[in-house]
Amino acid sequence: MSSPDPSQKAPGLLARLVQPLPGKDPAGWALGAVLALGVAVAAAWLLTPPELSQRFPGEEALGTPAPVALKAARDYELLDADATAQLREEAAAAEPTVYDLDEDAAEEAVARIRAAFQAAREVLAELPGRPPGPRPLAAAREAFEAQLGVPLREPDLAALALARFDPELEQLAAGLAAHGLTGMVIEDRERLQADAERGIVVRSLRATGNQGSRLVRDLALVRDLRGAREQVRREGAAVPPGTAPAQREAVVRVAQARLRPTLTVNMAETARAQRLAAERVKPTVIQVRRGERLVGDGERIERRHLLLFAGIQAQTRARDLWAVRLGAAALALLLVLLLWRHAAASGASPRPSRRDAVLLAVLLVGTWALSGAGLAAGDALHDRFPRIPPEAFYHLLPFAAGAMVVRSLLGADTALRFAVAAGLGVGILAGNSLFFAFEAVLSGVAASVLAPRSRDRLGLVEAGAGVGLVGALLAAAAQLFAGRLPGEALAPAGFAFLGGALLLPAAVSVLLPLAERALGYLTDVRLQELANLNHPALKDLIVQAPGTYHHSVIMGAMVEAAAEAAGANPLLARVCAYYHDVGKIRNPLYFAENQRGENRHEQLAPSMSSLIVRRHVVDGLELARRWKLPAAVQAVVAQHHGTRLVSYFLQKARKEASEGAGPWEDPAAVDDEPFRYPGPRPRTPEAALVMIADVAEASARALAEPTPERLSQLCQKRIDELLAEGQLDECTLTLRQLRQAGAAMGEALVAVYRARADEAGQGPGLPAGDGRGLHLVARR
């Protein structure tokens with residue numbers, strides 16, 4: 001029984017989309033329908049032209065004669081935004097300022113004054129009939145100020161203490177404070193000057209809440225704080241003559257100390273009232289009747305005309321734009337469905353997967369979105385550099401980035417169809433320009449042709465330069481075809497070359513890693529990096545397990561040749577061969593290719609030896625994850641032995657059982673499971689080829705005379721054995737492809753042994769295992 005493949009964890013957020021699409025899977029059909037509709041909906045917004053059939057002059061036409069007479073196509077009610085805004089500002093400015101009136105201010109002041117006098121009298125109550133000393137006086141002052149809430153001057157304290165804070169003085173101070181806080185007292189009357197004409201709104205507030213609001217127009221009723229203090233001083237001067245002057249002054253200052261503004265501005269309520277007043281103003285509407293002349297032929301366009309044009313254009317879009325969007329969605333949907341049907345009819349192999357459909361949909365919509373933004377940016381640049389035509393800036397856009405990404409991931413045929421779809425959309429975006437559609441399609445075709453050269457970062461730059469050169473030639477040809485002078489074609493051609501040579505490689509360099517991470521794709525650029533023998537994993541392998549390294553490099557040559565013959569991915573197959581046995585780094589001396597004399601298995605039980613040997617698969621997966629090898633490589637690490645038996649140790653265990661030397665009494669009682677790899681079986685062509693090459697190369701090392709005939713027969717024989725065991729049942733290779741792969745592996749082995757024989761001056765039957773000729777295989 002095979003266990004789940006531990007390497008097949010999600011390579012990205014959309015890893016479940018790797019199943020073929022659509023086939024007969026309802027989920028596949030549903031996803032295809034969703035993606036097609038998604039592209040159509042996106043096209044409805046992206047491909048809709050910015051202007052409809054009737055175009056009105058814009059701000060740039062202000063003050064110029066109208067080229068034609070314009071009339072209203074239907075009845076309109078146009079909002080005059082400027083007039084509405086002005087009326088609302090006037091309504092807000094006319095709204096009175098809101099003030100809060102503290103009706104409890106006088107009562108609070110009286111209460112504090114009474115409490116202060118009472119507290120001071122209680123302190124002095126212990127010293128009847130005697131002038132208070134320093135300590136009692138300080139205590140009285142502290143009690144008085146604590147209740148009053150303001151400090152007291154020394155002369156005032158002495159005067160009040162001399163009278164022992166007489167209740168008559170208390171009554172006088174309370175009365176003066178109450179009179180001073182009667183009515184409305186404001187901090188500064190200058191604040192009221194702006195409200196002189198419209199009055200103010202006064203909200204009466206008490207501790208129990210808002211007592212209501214009233215409009216006060218007579219602002220003479222409002223006193224400022226300075227006037228209130230002066231009033232207290234005048235009233236204090238009129239007290240009975242029996243009161244000592246010092247005590248009278250002390251009482252006045254106590255009353256003045258408790259005066260404060262009772263009328264304060266409430267900015268929040270004022271802003272709220274102004275906002276409500278502005279909202280009550282109804283929008284100003286201009287009535288335009290059907291057939292009414294908006295501007296005559298040759299009439300100078302004024303601001304009022306522009307206001308009408310903008311309003312009519314806005315309402316026309318709101319009413320008619322949906323029809324245009326529906327048409328754009330229908331065009332995009334038909335385009336996608338026809339090209340997808342064409343791909344299915346052409347018998348494309350392998351069949352596109354769900355993630356391929358997601359990638360194509362995202363790239364197509366992204367290309368259109370980027371083109372729309374780039375065209376708008378080109379217009380903005382033209383405004384800044386008016387001497388350069390706007391279409392010259394359009395050529396900077398890397399239209400072919402999507403096609404190059406598709407070519408790198410899905411192949412040339414798919415990239416060609418993608419280039420057609422993306423290019424037609426770009427032509428629509430560029431004002432239904434046939435020239436731009438033609439150039440965008442051919443640039444994408446050029447990208448799909450040149451992309452195979454981009455096997456590394458430098459190759460990507462070279463491919464971008466090639467696409468830029470093609471784009472420059474197309475731009476120049478289009479300009480000449482339109483009747484432009486050769487000098488006028490230089491700017492578009494130069495910008496097209498810069499867009500291809502600079503922006504295209506940059507865009508592809510960003511998109512390819514995103515596709516790798518999000519959708520689990522493995523690009524040739526990444527595989528080339530892994531195929532470099534200076535990779536840290538391979539460096540560890542050659543140091544810790546040189547024999548395994550030698551074995552893996554020879555297998556790389558074998559599987560690469562076999563993959564080319566069988567139609568698999570040669571580069572992926574070679575990389576998988578390099579890393580399939582990295583787990584042997586952990587226990588290298590327990591594997592025959594790394595042993596020099598001593599065999600450590602002689603001292604171990606067969607089951608323990610089998611455990612150590614089978615362990616290299618699990619160790620390989622752990623190391624592969626540590627080095628962040630791609631999921632496809634991890635899958636081969638887990639699958640390259642399938643569910644095969646470690647037959648040597650199984651036979652050894654059965655032999656010991658027959659001799660009575662092991663834990664088993666009968667050879668038939670020996671269980672196979674401790675000697676079987678956990679699997680799973682190979683599920684991809686590359687994994688199957690690595691399994692075949694693994695057993696074939698190991699068998700070739702055991703041949704006494706590795707002649708070309710024997711090597712070729714050996715490969716075919718091992719394939720037949722694996723087929724008989726059912727190890728290749730889950731991969732997609734046909735019998736014909738397996739025969740072709742076996743023949744190619746035999747030829748690769750013959751080349752390896754011939755290289756060794758040439759170096760040693762011997763015939764082709766030179767035994768393997770000495771490591772000579774390794775650099776020739778690695779160079780391949």
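The values are calculated or read from the model by the stated rules, or taken from the named source; none is laboratory data. This structure is a prediction, so every number in the text was calculated from the model and none was measured. So basically every Cβ, Gly included, is an ideal-geometry build from the backbone, and we count neighbours across all protein chains shown. Just so you know, the surface numbers come from the protein's heavy atoms only, side chains and all, with ligands and any DNA or RNA stripped out. Shrake-Rupley method; radii C 1.70, N 1.55, O 1.52, S 1.80 Å.
Couple of notes before you dig in:
- 12 Å beta-carbon shell around residue 729, net charge (K/R +1, D/E -1): 0
- The long axis of helix 570-579 is offset from the longest Cα principal axis of the chain by roughly 90 degrees.
- Estimated vicinal HN-Hα couplings, Hz - the range 330-337 in sequence order (Karplus 6.51, -1.76, 1.60; Gly, Pro = x): 5, 4, 5, 5, 4, 4, 5, 5
- Built amide H within the under 5 Å cut-off of residue 99, gap 5+: 201, 202, 203, 266
- For residue 198, net neighbour charge (Lys/Arg +1, Asp/Glu -1) across residues whose Cβ lies under 13 Å away: -4
- Annotation: extensible slack from residue 703 through residue 187 equals 174.7 nm (criterion: 0.36 nm per residue apart, minus Cα-Cα distance).
- Probing with 1.4 Å while keeping every protein chain in the model, the per residue accessible area of the chain equals 50 Å².
- Sulfur and carbon atoms: percent of accessible area, the chain [1.4 Å]: 57 percent
- Local electrostatic count at residue 92 - Lys and Arg +1, Asp and Glu -1, tallied over other residues with Cβ under 14 Å: 0
- Ellipticity at 222 nm from helices only: DSSP H runs of n ≥ 4 in the chain, each -39500 (n - 2.57), divided by the residue count, give -19500 deg cm²/dmol.
- Residue 226-residue 82 FRET efficiency (beta carbon distance; Förster radius 51 Å; 0.05 resolution): 0.65
- For the range 545-551, Karplus couplings with θ = phi - 60° (6.51, -1.76, 1.60), whole Hz, Gly/Pro x: 9, x, x, 5, 4, 4, 4
- Taking a straight line from the alpha carbon of residue 584, these aspartates and glutamates sit under 12 Å away, with near neighbours fewer than eight places off in the same chain left out: 540, 593, 619, 622.
- Equivalent ellipsoid dimensions for the range 155-273 as semi-axes, Å, which come from the Cα gyration tensor, largest first: 35, 15, 11
- Annotation: the antiparallel percentage among DSSP beta bridges lying fully within the chain is about 65.
- Note on residue 659 and residue 498: their simple-model spin labels are 8.2 nm apart, each label 7 Å out from Cα toward Cβ.
- In nm, spacing of pseudo-spin labels at residue 625 and residue 484 (7 Å Cα→C-beta vector): 5.7 nm
- Annotation: extensible slack from residue 198 through residue 59 equals 46.0 nm (criterion: 0.36 nm per residue apart, minus Cα-Cα distance).
- Here residue 385 and residue 342 are evaluated by their C-beta separation; at R0 = 51 Å the FRET efficiency comes out at 0.75.
- Residues whose amide H lies under 5 Å from that of residue 79, counting only those 5 or more places away or on a different chain, are 286; hydrogens are built 1.01 Å from N in the peptide plane.
- Per residue Cα convex hull volume in Å³ - calculated over the chain: 365 Å³
- A simple rule links phi to the HN-Hα coupling: the Karplus curve 6.51 cos²θ - 1.76 cosθ + 1.60 with θ = phi - 60°, which for the range 604-613 gives 10, 5, x, 5, 5, 4, 4, 4, 5, 5 Hz, with x for Gly and Pro.
- Amide hydrogen neighbours beyond the local backbone of residue 670, cut-off 5 Å, H modeled: none
- Hits among aspartates and glutamates - C-alpha to C-alpha of residue 282 under 14 Å, sequence gap 8 or more where chains match: 77, 80, 82, 89, 90
- Alpha-carbon gyration tensor eigenvalues x 5, square-rooted, for the range 541-684, Å: 30, 17, 13
- Cα-only Debye scattering, the range 601-705: base-10 log of I(q)/I(0) at q = 0.10, 0.11, 0.14, 0.19 Å⁻¹: -0.36, -0.43, -0.66, -0.99
- Simple spin-label estimate for residue 529 and residue 605 in nanometres, 7 Å along Cα-Cβ: 4.6 nm
- Added length on full extension, which subtracts the Cα-Cα distance from 0.36 nm per residue, residue 723 to residue 618: 35.3 nm
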